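Just below is one structure, and these are the notes that go with it.
The values are calculated or read from the model by the stated rules, or taken from the named source; none is laboratory data. Note that the coordinates shown come from a computational prediction; the quantities given were computed from them, not determined experimentally. Cβ atoms come from the backbone with ideal geometry, glycine included; neighbour counts cover every protein chain shown. Note: accessible area is taken over every heavy atom of the protein model, side chains too, but ligands, DNA and RNA are not part of it. Shrake-Rupley method; radii C 1.70, N 1.55, O 1.52, S 1.80 Å.
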Protein chains: 2
Amino acid sequence: MIDKAIQAIAEPRRRDILHLVRDGELTSSAIASHFDISAPAISQHLKVLEEAGLVVVRRAGTKRFYGIRREGFFEIKQLIESFWDDSLLRLKEAAEEEERRKHESNQQK
Amino acid sequence: MIDKAIQAIAEPRRRDILHLVRDGELTSSAIASHFDISAPAISQHLKVLEEAGLVVVRRAGTKRFYGIRREGFFEIKQLIESFWDDSLLRLKEAAEEEERRKHESNQQK
DNA sequence: GCATTATTTAAGTTGACACTTAATTAAGTA
DNA sequence: TACTTAATTAAGTGTCAACTTAAATAATGC
């Protein structure tokens with residue numbers, strides 16, 4: 001799933017779509033009106049986002065409202081934090097500092 | 001830059017490479033030994049990662065040591081958190097709850 | 001200088017994917 | 001039923017990126 005999610009956000013227009021639906025649901029055509037590509041192209045992007053678990057659809061008559069699915073970002077968030085994490089980084093630096101002090105005191109012998 | 005960074009981590013082998021160099025530097029060939037693709041292919045992936053600011057190179061003789069560049073993940077981290085952020089989410093929910101209460105008291109008039 | 005090792009650059013191939021237009025599905029309404 | 005609106009699916013095209021092998025660069029040792 002994380003593969004699909006990362007693939008999905010790798011496309012700039014899909015990130016734009018995510019920003020558009022971040023604070024409220026929008027229909028496919030409302031989303032499409034923000035872009036200069038065709039409605040089918042938007043529909044295809046929405047499908048990718050949905051299959052990646054990053055958006056959800058709510059059907060109402062002939063309209064389909066797309067909204068963000070926050071949990072879908074959890075795995076990516078964890079991945080990124082495994083590389084860039086405040087607490088882990090500080091722990092590592094503290095360990096290195098400790099190591100350095102050890103070596104210094106050894107050299108003084 | 002964030003475009004390049006996201007593009008870079010979208011490729012599964014590049015994520016594998018990042019995991020490999022996460023806890024210490026490795027040479028191009030040491031990295032390549034973990035994969036069944038050619039050395040040039042790895043070199044090309046490393047170039048993409050470097051241009052995205054996710055790894056750094058240290059040259060030593062004929063060898064080149066690749067290591068992770070943690071700051072490179074900062075922008076992606078921020079992007080993801082703009083969609084999935086504990087504190088922001090709670091703020092938004094609190095605001096919505098507040099809004100709901102307002103409407104209720106209006107309806108009672 | 002020549003050989004060796006480590007790695008990259010060059011050039012070409014292939015498959016995926018982001019589009020397009022045309023056709024189709026689906027729901028509501030006169 | 002036929003019409004309209006909203007959106008998707010189908011089919012085809014062009015571009016790009018992930019690979020390949022072969023050639024080139026770069027540093028080191030004899």
Pseudo-label separations to other copies for residue A:81 - Cα-to-Cβ vector, 7 Å, nm: 1.0
Per residue accessible area of segment B:2-72, 1.4 Å probe, in Å²: 54 Å²
Only Lys, Arg (+1) and Asp, Glu (-1) charged, at Cβ; segment A:2-70 dipole about Cα centre in debye: 240 debye
Rotational relation A to B, axis-closest Cβ in chain A, residue and distance rounded to whole Å: A:10, 2
Position residue B:20, label points 7 Å along Cα→Cβ, spacing to each other copy in nm (shortest first, one decimal): 4.0
Copies compared at residue A:44 - label distances in nm, ascending, label defined 7 Å from Cα in the Cβ direction: 2.3
Listed residue pairs exceeding 22 Å between alpha carbons, taken from A:77/B:47; A:4/B:4; B:4/B:77; A:4/A:77; A:47/B:47; A:47/B:4: A:77/B:47; A:47/B:47; A:47/B:4
Chains B and A together, accessible area buried on both sides, 1.4 angstrom probe, square angstrom: 2700 Å²
